Amino acid sequence: MAELTLTDLSSTPKWRVFAGHEDVRPGTSKGSGDNLVWSVSPGEWTVLGDQPDGVVDLTHVRSMFRLTGADAAHLINRLCALDLSADMFPSGAAARSLVAGVATEIVRDDLDGAPSYLLLPSSSFKTYMLEVVRDAGAELGLV
């Protein structure tokens, strides 16, 4: 079973675009790792990677954490009512939901076969979100 890890990726460049990724439907993502595009609402896409044209820089507006491991969905479900089971939220799924009461984008982006989720709350909730996720994951062996 994969170790459960939480990584702070807040400094990763994140961009909001309003055109050019019409092939990525709301609720889905495309790509992986450093080059990832997702949508959680019509006509808006978030891009990780190189800066595209005509964008809004989200790097300092959105924190980003990667939660990886077999128990990642179980941990998030302690804080969020969204069904993250593999059949309802497979790798490539994207949504906006409340996590510990904070509006957060959630993207499933599995790494090397291990379930992995990107969590993107507002940067003003960064410390709170880290503390809540660490607390919720303590008994699951979160490192």
* Every pair of residues 6+ apart whose Cβ atoms lie under 9 Å, when the first sits in region 13-36 and is without any contact (Cβ under 8 Å) to a residue 12 or more places away in the chain while the second is open to solvent by 30 Å² or more (accessible area, probe 1.4 Å) and charged (D, E, K, R) -> Asp23/Lys30
* Checking Ser10 against (1) assigned to a strand (DSSP E or B); (2) under 12 Å from the mean Cα position of the chain (by Cα); (3) within 16 Å of Met129 (Cβ to Cβ), which test does it fail? -> (1)
* Structure fact -> Among the residues of region 32-44, the number that are within 13 Å of the chain's Cα centre (by Cα), open to solvent by less than 40 Å² (accessible area, probe 1.4 Å) and of a type outside the set (A, V, I, L, M) is 3
* Residue list for region 68-113, restricted to those being among the hydroxyl-bearing types (Ser, Thr, Tyr) and either under 14 Å from the mean Cα position of the chain (by Cα) or modelled with pLDDT of 95 or more (or both) -> Thr68, Ser91, Ser97, Thr104
* Asked: Among the strands (runs of 3 or more DSSP E) contained in region 55-131, which hold 2 or more residues that are open to solvent by less than 10 Å² (accessible area, probe 1.4 Å) and touching a Phe, Trp or Tyr at 6+ places or on another chain (Cβ under 9 Å)?
  -> 65-68, 102-108, 116-121
* Verdict on Val61 being over 29 Å from Ala138 (Cα atoms) and among the β-branched types (Val, Ile, Thr) -> no
* To do: Quick one: count up the residues across region 114-128 that are closer than 22 Å to Asp34 by Cβ and within 13 Å of the chain's Cα centre (by Cα).
  => 7
* To do: Considering (1) open to solvent by less than 60 Å² (accessible area, probe 1.4 Å); (2) touching a strand residue (DSSP E or B) at 6+ places or on another chain (Cβ under 9 Å); (3) at pLDDT 95 or above, say which one Gly49 fails and leave the rest.
  => (3)
* **Single residue of Thr68, Thr7 found to be touching a Lys or Arg at 6+ places or on another chain (Cβ under 6 Å) and in contact (Cβ under 8 Å) with a residue 12 or more places away in the chain** => Thr7
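The values are calculated or read from the model by the stated rules, or taken from the named source; none is laboratory data. Quantities reported herein were computed from a predicted structural model and do not represent experimental measurements. So basically every Cβ, Gly included, is an ideal-geometry build from the backbone, and we count neighbours across all protein chains shown. Surface areas here come from the heavy atoms of the whole protein model, side chains and all, with no ligands, DNA or RNA. Shrake-Rupley method; radii C 1.70, N 1.55, O 1.52, S 1.80 Å.
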